[in-house]
Amino acid sequence: MNPVIENYELLSSITAKMRVAATDGQWDQLVELEKQCSQHVAIIKSQNIGMPPNESTRLRKVELIRKILADDAEIRNHTEPWVKQLQHIMHSTGQERRLQQTYSSEY
């Protein structure tokens, strides 16, 4: 099999696992898988230099990219609300700390 396609297949497998982890709220696993994903994206970028693939390879590559993008969209559907909630908590904590500093300095 073509090494470029093998890496896209592997990347697709990782993003599918990321989708499941995000759906299940397994944030630590999602972070670990994200690291693996980044490594494989770097490998794929380095391989995409040179001759254009033949038609069947190109079609398979497009199919895998579409699946990876669909998984990515689903992951974002699950992570964006969580990130917004985390941002809200951090903002609230910062305001609380500033209030404590303000009132503790007056007394």
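Bear in mind these aren't lab numbers, they're just calculated from the coordinates by the rules spelled out. Because the structure is a prediction, the values reported are computed rather than measured. Virtual Cβ from ideal backbone geometry, glycine too; neighbours counted across all protein chains shown.
Rounded to the nearest whole Hz, the Karplus-based 3J(HN,Hα) values (6.51 cos²θ - 1.76 cosθ + 1.60, θ = phi - 60°) of the range 9-21 follow the sequence 4, 5, 4, 4, 5, 5, 5, 5, 5, 4, 4, 5, 4, with x at glycine and proline. Listed by Cβ neighbour count within 10 Å, with the fewest neighbours leading, Asp24, Asp71 appear as Asp24, Asp71. Seen through its C-alpha gyration tensor, with square-root eigenvalues sorted a ≥ b ≥ c, the range 1-54 comes out prolate because a/c lies at 1.5 or above while a/b is bigger than b/c.
Exposure proxy ranking for Val62, Val41, based on other Cβ atoms within 10 angstrom of each Cβ and starting from the fewest, stands as Val62, Val41. The order of Glu74, Glu80, going from fewest to most other C-beta atoms within 10 Å of their C-beta, is Glu80, Glu74.
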